[in-house]
Amino acid sequence: MELVTPGLGLLFWMILSFAIVLYLLKKFAWKPILKALRDREENIQKALDSAELAREQMKQLKADNEAIMQEAREERDFLLQDAREVKDKMIAEAKEQANQETQKIVKAARMKIRNEKAAAIEDIKNQVASLSIEMTEKILKRKLADHKEQKELIRKLLDEVKLN
């Protein structure tokens, strides 16, 4: 049983050496250890604060990103709408200009057709008149080949002229 129960002298020296070690630790090591623990705790707290700050900044950046993206989408939509309006306006102007050009061309073509028609009618009248004169000349030459008939025709014409 001696092994289980320590002797009184051993117990005294153990308590005394423990007290000396405790005193030395308190005098020389306790403050630096506590200081190191406080510094570590402060560093950990700073790191946690920095992480929280970074998290908050990330949230803010995400919100800013979303706002910027939304603004970019709105601007893109506005630009696309503006481009569509410009395109529609250009198409409408081109159609209007094409219609005006078409009307000018049609008007010019109608004018040209009228002029050519009038020229053709005038030409036909001239040809008919010319043909009529030629035919009359030929008929008169045939009829008036004889002097007797010439005299008779002249007398008839003079009688007609006197009556009028």
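Ordered by residue, what ³J(HN,Hα) values in Hz, to whole numbers, does the stretch 51-60 give under the Karplus form 6.51 cos²θ - 1.76 cosθ + 1.60, where θ = phi - 60° and Gly and Pro are x?
Taking θ as phi minus 60°, the curve returns 5, 5, 4, 4, 4, 4, 5, 5, 4, 5 Hz for the stretch 51-60.
Work out the length of the dipole vector of the stretch 1-157 about its Cα centre, built from +1 on the beta-carbon of each Lys and Arg and -1 on the beta-carbon of each Asp and Glu, and round it to the nearest 20 debye.
1480
What distance in nm separates the simple spin-label points at T5 and R84, each placed 7 Å from Cα in the Cβ direction?
For the pair T5/R84, the computed spacing is 10.2 nm.
Just subtract the alpha-carbon distance of E66 and D123 from 0.36 nm times their residue separation and send over the number in nm, one decimal.
So the chain would gain 12.2 nm between E66 and D123.
List the lysines whose Cα lies under 29 Å from the Cα of K59, skipping any in the same chain that are fewer than 8 positions away.
K46
Please give, to one decimal in nm, the separation of the simple spin-label points placed at E42 and A92, each 7 Å out from Cα toward the Cβ.
Placing both labels 7 Å beyond Cα along the Cβ direction yields 7.3 nm.
Using only Cα atoms, tell me the angle between helix 8-24 and the longest principal axis of the chain; keep it within 0 to 90° and round to the nearest 10.
On a 0 to 90 degree scale, this one is about 40.
No lab work stands behind these numbers, since they all come straight from the coordinates. For clarity, every value in this text was computed on a predicted model and none was experimentally measured. Positions of Cβ are backbone-derived with ideal geometry, glycine not excepted, and every protein chain shown enters the neighbour counts.
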